[in-house]
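The values are calculated or read from the model by the stated rules, or taken from the named source; none is laboratory data. Just so it is clear, the model here is predicted, and its values are computed rather than measured. Cβ atoms come from the backbone with ideal geometry, glycine included; neighbour counts cover every protein chain shown. Quick note on the areas: whole protein, heavy atoms, side chains included, nothing else; ligands and nucleic acids left out. Shrake-Rupley method; radii C 1.70, N 1.55, O 1.52, S 1.80 Å.
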Amino acid sequence: MKFEDLLLEIGGFGRFQILILFILCLPRINLPMHFLLHNFLAATPSHHCAIPYQEAFVNLTMEEIRLISIPQERDGTFRSCEMFSQPQFHLLLNSSLQPQNNSSIQHCQHGWVYDHSQFTSTISTQWDLVCEQRGLNQATATFFFIGVTMGAVVFGYLSDRFGRKAMLLLSLVCSVVFGMLSAASVSYSMLAITRTLTGVGLSGVSLIVLPLGMEWVDIQHRTFSGILTSIFWSVGNMLLAMVAYLVREWHWLLVAVTGPCLLSIVCLWWVPESARWLIANGRVKEAHRHLLRCARMNGRKDFTVSPEVRNWRSRHIKMVTDKKPGESYSYISLFRTPALRKISLCSGAVWFGVAFSYYGMSMNLTGFGLSMYLSQFVFGIIEIPAKMFMYVLVNRVGRRQCQAWTLILTGLCIGANVIIPKPFTTLRSVVAVMGKGFSEAAFTTVFLYTSELYPTVLRQNGMGYTSFVARLGGALAPLVFLLDEVWGSLPEVTYCSVAVCCGSVAFLLPETLNVRLPEGIEDIE
């Protein structure tokens, strides 16, 4: 007997499943508020070198003081990282003149002055993470995603070993504790460490929420539940734009995006452990208790489990898995058999490409001619119709084709903006929004697709492994922006190439449309 047969008896998508999905969507909202927080947490406002002894220039305006103290770019803007060692008074007569001595230009010696019209404070202004320290500013996002990467390995294994619900609770608690510690950081080192640990905790949330909900839903509603859960990521995207607009001080911004995790911890009380996982691990009595609760809540009061039926079901349910109670699997199991090895290698490449291109676009809010807050909100809202479209498409065309083409089209949109001249801001913004839609469609599909590719006994290990590879992509994405010092368009060319190549790999994966979730490794092979 397959688990889907039991779901037909107790109701595969009723009030019980709707309640679970709604509760699991709460932490899902919170995820993008942390994963994309770097856009506002580490934003660098316009700045220039601090000018010493300004009181000596009592007869000059502030603009004139900057003119004689700071070199200008060709477009007339003041340089951010250089100053004159001596005032260049002759520039007051003609600002287009060159400095009298090129050796008089030096790096900032007395700190920086920041424009606080948009941000009260960010970590960039707090610890002067500009100019020579710009790499540390970008590394803040990398530290976070390194934590997410480590958490994927840890929670992927632990949730297969000790259960989905317990590890989800642990990950939420860790997220709250380290998120609040991040807000209280008094040094860059403390922030880097606490943000890394916050990433570890949130990785568990990201990893467990979707499979826990999917394992309670029947085949017919599996796609719907996956898309529904994913839509709440987009809601979190839009909420981040609004919260960041209202809270301009980075300490309180961290508090604002971490606080909702407390509500998720409270609501988790009503979410049961996955009955699939309980059965696969020999805890059949506990699984039956949750199944009875599900049946009663869904109005299937005629569903009863007598001792004889319980024994009969136990024997038959255990036969569908090739796992004996007490036997454990590890990440090595993903590569032991041929078919599973191919799935693991290909899905890992796809996840890397999806995350690398998604975060590459999401962390470049100022590159498309819109304000940061509007870009964040538009990027969030465009994801919802993209997900709706994918709900129809993955059920008609299939998972494999959708996964491949959405990722390839993401890369092509990124590449198109390399060619389109920057003065065409409207066209660049339209192409960027289209690319963001395709990128989110690829992310939505890959979560659903991957949870269907791996068997129950290895599902969380598989999700942990692919999430690990994805977070490597997420960790590398912000650092690629530093390549603009080599060539201005090199970051976009890199994102485009990786997306197209990894999208092509998706054609090598098997189709899972209308296929029962595999229970054991033998079902895969």
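Just a few scattered comments:
- Subset of segment 163-206 (residues that are of a type in the set (Phe, Trp, Tyr) and within 26 Å of Ser230 (Cβ to Cβ)): Phe178
- Within segment 288-324, the residues that satisfy the criterion of being aliphatic (A, V, I, L, M) and at pLDDT below 85 are Val305, Val309, Ile317, Met319, Val320.
- Out of Tyr359, Tyr449, sole residue that is touching a Gly at 6+ places or on another chain (Cβ under 7 Å), open to solvent by less than 10 Å² (accessible area, probe 1.4 Å) and either part of a helix (DSSP H, G or I) or more than 17 Å from Gly236 (Cβ to Cβ) (or both): Tyr359
- Search result, residues across segment 391-417 that are at pLDDT below 90 and surrounded by fewer than 20 Cβ atoms within 10 Å (Cβ to Cβ): Tyr391, Val392, Leu393, Asn395, Arg396, Val397, Gly398
- Scanning segment 474-493 turns up no residue that is crowded, with 19+ Cβ neighbours inside 10 Å, at pLDDT 90 or above and either in contact with a Leu (Cβ under 6 Å, 6 or more places away or on another chain) or over 21 Å from Ala141 (Cα atoms) (or both).
Table: residues versus (1) touching a helix residue (DSSP H, G or I) at 6+ places or on another chain (Cβ under 9 Å); (2) of a type in the set (A, V, I, L, M, F, W, C); (3) in contact (Cβ under 8 Å) with a residue 24 or more places away in the chain.
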| residue | (1), (2), (3) |
| --- | --- |
| Trp127 | yes, yes, yes |
| Ala152 | yes, yes, yes |
| Gly163 | yes, no, yes |
| Leu181 | yes, yes, no |
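- In segment 473-500, the residues that are outside any helix (DSSP H, G or I) form Cβ pairs under 7 Å with partners that are surrounded by fewer than 23 Cβ atoms within 10 Å (Cβ to Cβ), at six or more places apart or across chains, as follows: Ser489/Val418.
- Every test in (1) under 17 Å from the mean Cα position of the chain (by Cα); (2) farther than 30 Å from Ile219 by Cα is passed by Tyr358 save one, and that test is (2).
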